[in-house]
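Presented below is the structure to which this report refers.
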Amino acid sequence: MVVRLLLEITDLAVEVSGKEILSDIDLYIDKGETHVLLGPNGSGKSTLFMSMLGFPKYKVIRGEILFKGEDITNMTTTERVQLGLGVSFQNPPAIRGVKLKDLLNIESSKNGTKPVSEELSPETVALADKLKFSDQFLERDVNLGFSGGEVKRSEILQLLAQKPDFIMFDEPDSGVDIENVELLAEEINVLLDKDKKPGLREKSGLLITHLGYILNFVGANTAHVLMDGKIACSGDPTEILEDIRKEGFKGCVQCCGIH
Amino acid sequence: MLRNTLERAEKAKKKKAALGEDIDFENFEGEEAGEHEEIESLKDLSDKNKKSLLKVGVDASETGRAGSFLQIDQSKVCSNCKSEAIELMGLQQAIKKYDWVKDYMWNAVPVDTDKYTAKTALGEPGGYFIRSLPNTKEVFPIQACMFIGDEKVAQTAHNIIIAEENSELHIITGCSTGDDVQSAMHVGVSEFYLKKGAKITFTMVHNWAEQVEVRPRTGVILNDDTTYISNYILTSPVNTIQTYPTAYCQGENSKVVFQSILGGQKDSILDAGSRAILTGKNSSAEMITRAVSKDESQIYTRGHLAGKSPDVRGHLECMGLVLSDDSLIYSVPELEGSSTDLELSHEAAVGKIAEEEVLYLMSRGLTEDEAASMIVKGFLSMDIAGLPPELAAETKKMIDQSIQGM
Ligand SMILES: Nc1ncnc2c1ncn2[C@@H]1O[C@H](COP(=O)(O)OP(=O)(O)OP(=O)(O)O)[C@@H](O)[C@H]1O
Ligand SMILES: [Mg+2]
């Protein structure tokens, strides 16, 4: 049998500044799958992403993370990214003097499509154009004074240049207008191989969303609800969202056994 | 020179500078330094020297330059000017050519400031004379280079720069040392005079050897409706630098901008400030410094804004990144308001590289070191305002090149 398992998180517990934020996390994601992560504010969704990226403040106190069969629990962020992890951040920092263009250059050079140089490759220029960024915009310091929607588009653009195998999207749709949600969804579908038949997809994703509107355009296989740092419920995304809308998070989790 | 000036210099011969480590001239060779032959053009330089000059923005091909001046040790080696709008020559020639030149000497920089100005006045300094003629606007810069070619030389230069009424003048100055030089000293007195409606931009790149002591002394006098923009870039190791250029905004609507990029490496001690005395009605000053300290370097960035007339404005900004535990950045902003309706402000932030920024870049695939280096370069690569487009591009290149090594 072909191994389709891409990401395996078992019994993960994470501590931030001495406080346990995540515990008992089990999560398995196959190649080609897209999972959704739901949960109230402060439940630990972004914390899970930072932990998977290996950010130093997020200390794994139990459990392990396997990616492509390799134990990445103690790897540096760079090593994990080089292995194929990617992320679009909820609130990325602005960096003075570092242009969006510079980031696109390192990203496309790291994925081996071109050597590092001053000028963007024609492919990257085309991608930027698709995401409605002008040449002048690419010269701007990254995230400095970007509007909410521009931040989200810039994060997706960077991922398109980087081409990771497993992508974590942290609220790619928050604060984005309806038209742009569709545009972003289209590109997220490209990133996740959605144009291919499910069995042939190589890329996988884990997507955090609050409103779920984006799921009208990005198909997802499974949804997980995070409550107080634990996965309280998993199941069909449409049904779970529906339950949350009707019953709230608490109600959804209570009747979770039904899914 | 006037007797009075010489007397004052004589009295200040042993006067220690207000700031910076005291340097003993005895340790260096002064005017007895070997002479260097004059050349027609910078093209005649050795390839090795051409390369050193290029590192500080002085292009031996002389393309895109209005003229070139080169002093090696105490010798004026080259002085040629293509522009009809500008007069360029060694200061000693200028003194012989025009008897009024000496009226400009020691007005913007007091001769008895300290032992360094005194020594310059009492000796036979090199240095250049640049004068833009009235109602002219030369977009290409004059490039001037102070080069130390021999070990243990104490180089002195006295530069007089005059922008006549309604003229615009751009200068690139590069200071550098030969490959074999380790220890030397440089004292450069520069006096700028801006007549009504004039504009000067002065971009200076320093690239000294590791044991060089540098003591520039700079004064700028601004008349009505004038603009002076100074860009100072130093990112390579040096022993000590102490400099505190002062702009006297005497004219109405006069404006001064000081922008500095300071990179401390090894055990360099950089003490760099800028001062503006705002006496002219509606005059203004802006000072922006970016400093990064590495290794065991120490950086003191000083700024002093003195508002002495109503309606003057001044802003001082210093951002510092401390990259090593053994280095230090000490920011000393001073605001002095002695009139009503003036607006003086300062903003200073010294810290380490934000971890969040490093992690952001690492999650795009850079290593921690690559990420830090990209952030530092971005931090230092400030946009220089006020230059004509060609010169802006050129200056950007110079800055990028200078910060590569950080
Ligand atoms: N670096 C940190 N330092 C201190 N507390 C943190 C840190 N990171 C996360 N936390 C805490 O951990 C909890 C989970 O935060 P997290 O950002 O993961 O929530 P979230 O589910 O992404 O919420 P939201 O929907 O609001 O984005 C919160 O209480 C938060 O304050
Ligand atoms: Mg979050």
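The values are calculated or read from the model by the stated rules, or taken from the named source; none is laboratory data. Bear in mind that the values here come from a model prediction, so they are computed numbers and not experimental data. Virtual Cβ from ideal backbone geometry, glycine too; neighbours counted across all protein chains shown. Surface areas here come from the heavy atoms of the whole protein model, side chains and all, with no ligands, DNA or RNA. Shrake-Rupley method; radii C 1.70, N 1.55, O 1.52, S 1.80 Å.
Overview of values
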{"quantity": "Residue ranges of strands (runs of 3 or more DSSP E) in the stretch B:155-222 with at least 3 members open to solvent by 10 Å² or more (accessible area, probe 1.4 Å) and within 25 Å of B:Glu394 (Cα to Cα)", "calculated": "B:199-207"}
{"quantity": "Top-ranked residue in the stretch B:115-148 [being assigned to a helix (DSSP H, G or I) and open to solvent by 50 Å² or more (accessible area, probe 1.4 Å); ranked as nearest to B:Thr243 (Cα to Cα)]", "calculated": "B:Lys119"}
{"quantity": "Failed item in (1) open to solvent by less than 20 Å² (accessible area, probe 1.4 Å); (2) away from chain B (no Cβ under 12 Å), with A:Leu85 passing the rest", "calculated": "(2)"}
{"quantity": "The stretch A:37-79 - residue that is polar (S, T, N, Q) and more than 16 Å from ligand 2 (Cβ to nearest atom) and, of those, nearest to the chain's Cα centre (by Cα)", "calculated": "A:Thr77"}
{"quantity": "The stretch A:11-66, residues that are within 14 Å of another protein chain (Cβ to nearest Cβ), free of Cβ contacts under 8 Å to residues at least 40 places away in the same chain and open to solvent by 10 Å² or more (accessible area, probe 1.4 Å)", "calculated": "A:Met50, A:Gly54, A:Phe55, A:Pro56"}
{"quantity": "Subset of the stretch A:67-82 (residues that are of a type in the set (Ser, Thr, Tyr) and within 13 Å of chain B (Cβ to nearest Cβ))", "calculated": "A:Thr76, A:Thr77, A:Thr78"}
{"quantity": "Those strands (runs of 3 or more DSSP E) lying entirely in the stretch A:124-240 with at least 2 residues crowded, with 19+ Cβ neighbours inside 10 Å and within 13 Å of the chain's Cα centre (by Cα)", "calculated": "A:166-170, A:204-208"}
{"quantity": "Within the stretch B:18-60, tally of residues that are in contact with a Ser or Thr (Cβ under 6 Å, 6 or more places away or on another chain) and either small (Gly, Ala, Ser) or free of Cβ contacts under 8 Å to residues at least 24 places away in the same chain (or both)", "calculated": "1"}
{"quantity": "Residue within the stretch B:66-73 that is closer than 28 Å to B:Thr240 by Cα, assigned to a loop (DSSP other than H, G, I, E, B), in the same structural domain as B:Thr117 (by TED's automatic domain parsing) and in contact with a strand residue (DSSP E or B) (Cβ under 8 Å, 6 or more places away or on another chain) present", "calculated": "yes"}
{"quantity": "Unmet requirement for A:Glu107, which otherwise passes all of (1) among the charged types (D, E, K, R); (2) under 21 Å from the mean Cα position of the chain (by Cα); (3) at pLDDT 95 or above", "calculated": "(3)"}
{"quantity": "Candidate set from the stretch A:1-41 (those that are more than 25 Å from A:Ile188 (Cα to Cα) and not in a strand (DSSP E or B)); member that is nearest to ligand 1 (Cβ to nearest atom)", "calculated": "A:Ser17"}
{"quantity": "Search result, residues across the stretch A:204-255 that are within 16 Å of ligand 1 (Cβ to nearest atom), closer than 30 Å to A:Lys163 by Cβ and of a type outside the set (Val, Ile, Thr)", "calculated": "A:Leu206, A:Leu207, A:His210, A:Leu211, A:Gly212, A:Tyr213, A:Ala223, A:His224, A:Leu226, A:Leu241"}
{"quantity": "Selected residue (only one of B:Met406, B:Met382, B:Met374, B:Met362 is open to solvent by less than 40 Å² (accessible area, probe 1.4 Å), farther than 23 Å from B:Gln265 by Cα and within 14 Å of another protein chain (Cβ to nearest Cβ))", "calculated": "B:Met362"}
{"quantity": "Any hit, the stretch B:102-114, residues being in a loop (DSSP other than H, G, I, E, B), under 19 Å from the mean Cα position of the chain (by Cα) and among the hydroxyl-bearing types (Ser, Thr, Tyr)", "calculated": "yes"}
